[in-house]
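Just below is one structure, and these are the notes that go with it.
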Amino acid sequence: MARSILLSSFILLCVTVIESSILSNLSFLYVVPDIVLICSIYFSLLNGRTVGVSNGFISGMFLDFITGVPFGFNCLYRTLIGYAYGLFSNTIIISGVMVPMLTVGIGTLVKAILVHLVALFFPSVNIYVTGIISYQLLFEFIENVILAPFIFKFLGFFRKYLIIRTTKDRIDDV
């Protein structure tokens with residue numbers, strides 16, 4: 001389990017740096033896609049609640065340090081998303097194209113709602129000025145949904161190093 005969390009944390013750190021330093025400087029992107037969220041959803045669906053919570057908190061911590069928002073802002077809502085997706089690790093099969101698109105689409109919408117709820121506790125953070133329904137959310141939703149199958153497929157190459165239990169072990173637990 002420790003190996004899986006360490007490797008997924010390293011992947012999340014690399015993706016956080018890529019997202020915040022490279023993708024945020026591309027002028028043709030209206031909004032930066034949340035690749036860290038996509039990776040966290042993949043890790044949660046792959047290994048369950050414990051890894052989902054750990055990776056959600058770690059990815060939030062990385063984002064808090066890099067983006068400069070108050071510590072705990074990203075940690076709180078990403079931990080909740082990791083836990084929620086970890087609940088479905090035994091029921092959702094993460095292969096194919098439609099399932100990653102659907103899970104990441106729902107995750108992006110849940111993230112938008114949770115960001116507004118968590119922002120109530122952090123009055124200095126002004127993430128979405130225009131409200132929950134906005135063009136920024138629409139473009140982030142579209143970008144995340146389009147990238148989800150590709151990122152899930154890429155992370156599938158590291159599956160044997162990331163997975164804690166096999167599918168047969170999960171079926172035996174039920």
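Carbon and sulfur together cover what percent of the accessible area of the range 1-67 at a 1.4 Å probe radius? The partial results should precede the final answer.
Values: 2090 of 2920 Å².
With neighbouring chains kept in place, the figure for the range 1-67 is 71 percent.
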Checklist line | Choice from 108, 91, 79 with maximal GNM fluctuation in the chain (Cα, 10 Å cutoff) | finding: 91
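Given the DSSP H assignment, sum -39500 (n - 2.57) over each helix run of at least 4 residues in the chain and divide by its residue total; what's the result at 222 nm in deg cm²/dmol, nearest 500? Spell out each step's value before the answer.
Numbers: 8 runs with 118 residues, N = 174.
Calculated mean residue ellipticity at 222 nm is -22000 deg cm²/dmol.
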Next item on the list: May I ask for the angle, rounded to the nearest 10°, between helix 135-156 and the longest principal axis of the chain, with both axes built from Cα atoms and the value confined to 0 to 90°?
Entry: 30 degrees
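Can you bin the chain into rounded, prolate or oblate? Criterion: square roots of the alpha carbon gyration tensor eigenvalues sorted a ≥ b ≥ c, rounded for a/c under 1.5, prolate for a/b above b/c, oblate for the rest. Mind showing how you got there, number by number?
On the way: a/c = 1.65, a/b = 1.52, b/c = 1.08.
Prolate is the answer for the chain, as a/c is 1.5 or above and a/b outweighs b/c.
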Item checked: Cβ-placed point charges (K, R +1; D, E -1), dipole of the chain about Cα centre in debye, nearest 20 -> 440 debye
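Where only protein heavy atoms count, and the probe is 1.4 Å, what is the accessible area per residue for the chain in Å²? Numbers along the way, then the final one.
On the way: 9450 Å² over 174 residues.
Per residue, the chain has 54 Å² of solvent-accessible surface.
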Margin query: Relative contact order for the chain: what percent, with Cα pairs under 8 Å and sequence separation of 6 or more?
Written below: 27 percent
Note to self: Quick check: the angle from helix 73-87's long axis to the longest principal axis of the chain, C-alpha only, nearest 10 degrees?
What the structure shows: 30 degrees
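The values are calculated or read from the model by the stated rules, or taken from the named source; none is laboratory data. Model, not experiment: these values are computed from the prediction. Every residue, glycine among them, receives a Cβ derived from its backbone with ideal geometry; neighbour counts consider all protein chains shown. The accessibility values were calculated without ligands, DNA or RNA, using every heavy atom of the protein model including side chains. Shrake-Rupley method; radii C 1.70, N 1.55, O 1.52, S 1.80 Å.
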